[in-house]
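Just below is one structure, and these are the notes that go with it.
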Amino acid sequence: MFPERRMRRVRSRTIQPLLCETTLNTTDLVAPLFVDETAAAPVPISSMPGQSRYPVSGIADVVKKFQERGLRAILLFGIPAHKDEAATGAYDLDGVVQQAVRRIREACPGMVIITDVCACEYTSHGHCGIVGDSHCGEPDLLNDESLILMNKIAVSHAKAGADIVAPSCMLDGMVRSIRTALDDAGYGDVLIMSYSTKFASALYGPFREAAESGYSFGDRTTYQMSPANGREAFLESQLDAQEGTDILMVKPAGPYLDVLAEITTLGLPVAAYQVSGEYAMIKAAAERGWIKEKETVLETLTCIKRAGADLIITYFAYDVCGWLP
């Protein structure tokens with residue numbers, strides 16, 4: 001009679017759907033979108049097939065198509081017409097993201113609008129805030145000076161109508177600083193989704209083309225997380241939870257499911273960002289016939305949800321909404 005426990009009994013094609021432990025839904029998904037202040041028409045992103053930078057004038061129509069397909073949330077990134085060392089365009093009340101938020105809010109009632117709060121697209125040097133000399137005498141991101149900038153950006157996004165602001169610069173104290181700024185400005189209902197554990201990953205390359213956010217010197221390893229450090233990664237999210245963030249985030253998603261699973265123990269909603277490199281690798285392999293795109297996308301996203309993600313930010317969101325029942 002060996003074996004007594006026959007696990008294959010539960011894998012019959014009729015029984016499997018009844019016992020499925022993890023189900024992917026359209027409400028799990030967030031679509032990242034790029035808005036380009038200089039574009040007159042969609043600009044295809046060569047390293048991210050199927051993705052484009054959209055003009056401000058057309059972004060509401062794009063979001064409406066996503067909404068009609070069942071998507072409930074978007075994450076906006078802006079490419080401004082002007083960059084400078086102080087990232088002044090990032091908090092301009094008539095800036096690219098601020099314009100986009102107002103247009104989407106008017107055209108797409110019920111769509112949850114999340115805005116990326118960072119400066120890398122807006123600075124002439126490509127780093128995520130204010131740069132100055134560090135204690136080592138080398139240029140680096142200045143933490144507290146950059147917090148003031150993030151406060152201005154977050155408040156300007158809230159004033160435009162954002163539901164959630166998402167600081168991605170990995171500054172010490174950014175959640176408490178932004179929360180205080182939002183509350184003082186009368187935006188206590190606006191949520192913060194912190195990029196609480198953002199790794200200094202090699203998988204961001206296509207995004208830097210998409211958002212024109214490459215840096216002119218150094219790297220971002222003094223503020224983003226080392227991929228080698230799990231305990232430090234957990235502590236970063238724990239501190240953001242203590243500072244009052246509403247949603248935590250792990251970025252990238254796929255290579256860091258162990259970190260994602262551990263961070264869910266903090267008890268807050270957790271988002272995971274399937275980043276541009278993850279998207280590009282799947283697309284490239286599928287184009288060569290090495291993998292099946294739909295099956296691979298659904299598998300990877302289901303695994304991210306199985307690890308504990310409540311929200312999954314993915315460039316495949318539009319396609320997946322069409323694939324799900």
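The values are calculated or read from the model by the stated rules, or taken from the named source; none is laboratory data. Remember, predicted model here, so these are calculated numbers, not experimental data. Ideal geometry is used to build each Cβ from the backbone, glycine not excepted, and the neighbour counts take in all protein chains shown. Areas reflect the complete protein model, heavy atoms only, side chains present, ligands, DNA and RNA absent. Shrake-Rupley method; radii C 1.70, N 1.55, O 1.52, S 1.80 Å.
Just a few scattered comments:
- A dipole drawn for segment 137-238 from +1 and -1 charges on Cβ atoms has a positive end, and of Met225, Ile164, Ala154 the residue lying farthest that way is Ile164.
- What segment 197-325 shows is 43 Å² of accessible area per residue, with the surface traced by a 1.4 Å probe over protein heavy atoms.
- Value of Rg/Rh across the chain [Cα atoms, Kirkwood radius]: 0.99
- DSSP beta bridges in the chain [antiparallel fraction, %, rounded to 5]: 15 percent
- Selection from Thr14, His125, Ala271, by position along the positive dipole direction of the chain (Cβ): Thr14
- Distance between segment 40-88 and segment 152-221 - C-alpha centres, whole angstrom: 17 Å
- Anisotropy class assigned to segment 282-325 is prolate, per the alpha carbon gyration tensor with a/c at or over the 1.5 cut-off and a/b larger than b/c.
- Share of carbon and sulfur in the accessible heavy-atom surface of the chain [1.4 Å probe, %]: 52 percent
- Pairs of lysines in the chain whose Cα atoms sit within less than 23 Å of one another amount to 16, provided the residues are eight or more positions apart or on different chains.
- The local environment of Ile59, defined by Cβ-Cβ distances under 14 Å, has a net charge of +2 under the rule Lys, Arg +1 and Asp, Glu -1.
- Debye log10 I(q)/I(0) for segment 154-301, one point scatterer per Cα, at q = 0.12, 0.14, 0.19, 0.21 Å⁻¹: -0.57, -0.75, -1.19, -1.30
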